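Heads up: the structure comes next, in structure tokens.
The values are calculated or read from the model by the stated rules, or taken from the named source; none is laboratory data. Values in this document were obtained by computation on a predicted structure and should not be read as measured data. Please note: Cβ atoms are built from the backbone with ideal geometry, for glycine as well, and neighbour counts cover all protein chains shown. All accessible areas refer to the heavy atoms of the entire protein, side chains included, with ligands and DNA or RNA removed. Shrake-Rupley method; radii C 1.70, N 1.55, O 1.52, S 1.80 Å.
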Amino acid sequence: MTTFSIANDVAKYFAIIPALFAAVYPGLDKLNIMHLSSPDSAILSAVVFNALIIIALVPLALRGVQYRPVSADRMLRRNLGIYGLGGLVAPFIGIKIIDLIISLIPESVERAMNNSVTNTARLLWAGLRALLVLTIVTGVIYPLAITGVAQGLFSDKANGSEIKANGQVVGSSLIGQAYNLPLKKGQQTPEPDLKWFQGRPQNGLGTNSVNTQYKLILSGATNRSGDNGAVDGVCPPLGKVAENTLCYWVESAKAAVIKDNSVPGYTVKASDVPADAVTSSGSGLDPDISPQYADIQVHRVAEKNNLPSPRCRNSWTSTPTAAPSASSASPPSTSSN
């Protein structure tokens with residue numbers, strides 16, 4: 001509908017602009033490629049066509065478009081062909097037909113219509129002036145005023161709650177980051193750097209084909225139902241659960257959490273794994289983890305950094321309700337994805 005609407009406006013400009021301004025700027029008369037009979041007829045034809053096309057499009061908007069499982073590029077070509085090209089051609093034909101009908105109307109009736117068209121043109125010019133003023137006020141003055149207030153009163157939040165290291169922005173306290181080892185030869189997915197607290201899942205959970213590993217191109221979750229992959233309301237164990245289902249991703253994440261965080265002298269049980277360790281937030285970008293998830297990572301982080309476990313635990317329990325986040329509990333030199 002948007003494509004059709006934008007394309008639809010092109011033809012109307014070829015009718016209205018010459019009619020309004022050709023007397024002042026004769027060169028604009030070249031835009032009258034439809035050879036409409038008069039400026040008044042051109043404006044009236046465009047207005048009538050616009051009213052008719054809105055009425056015609058209402059049923060389509062209410063009915064919607066039938067879903068078709070096609071690729072994005074094919075859908076784009078189809079929509080550009082039907083709604084783009086159609087929206088470009090239909091107004092030229094429709095406005096010209098309406099103009100021909102108007103030109104056949106008797107002169108006495110036409111004079112009465114001309115007065116109405118003159119008033120319409122006057123209203124259109126007033127509307128254009130109002131549009132210009134409102135554009136300047138709401139599109140320039142207001143945004144600059146709000147930006148100035150935001151920068152003056154709470155610049156840190158207005159600039160995205162940035163985290164800086166050595167004078168450089170390395171992340172945001174509101175956006176999680178993945179801390180992974182460099183890709184090895186032949187690897188498709190990097191391994192997590194287990195020296196640091198890990199955030200919520202990013203691969204598969206809370207991601208889509210564009211947003212992986214907290215990339216800020218697009219946020220979003222999997223949009224899978226809570227029982228996706230479940231059998232009788234229960235997720236089967238790995239090896240029996242269907243791949244590319246929510247249950248598969250949850251069970252895979254749980255197995256990885258148990259494996260990565262079980263160290264000599266400390267074994268993570270399946271019942272110890274909290275929900276945020278195997279699922280993402282709704283946006284897929286949440287940097288915070290629960291104290292329970294942080295607690296089962298303490299022993300692994302302590303071992304990888306040759307530190308005593310109490311020291312690692314004290315690093316995030318100095319505030320009673322605090323827990324590490326994927327944006328701040330890891331090396332400050334790591335850049336934001």
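Kirkwood hydrodynamic radius of segment 258-320, from the reciprocal of the average inverse Cα-Cα distance over all distinct pairs: 12.7 Å. Diffusion coefficient of segment 1-97 by Stokes-Einstein, Kirkwood radius over Cα pairs, 20 °C, 1.002 mPa s: 146 µm²/s. Residue ranking by accessible heavy-atom surface, 1.4 Å probe, largest first, among 135, 2, 279 comes out as 2, 135, 279. Applying 1/(1 + (r/R0)^6) with R0 = 22 Å to the Cβ-Cβ distance of residue 35 and residue 13 gives a FRET efficiency near 0.90. Subtracting the Cα-Cα distance of residue 6 and residue 140 from 0.36 nm times their residue separation leaves 45.9 nm of extension gain.
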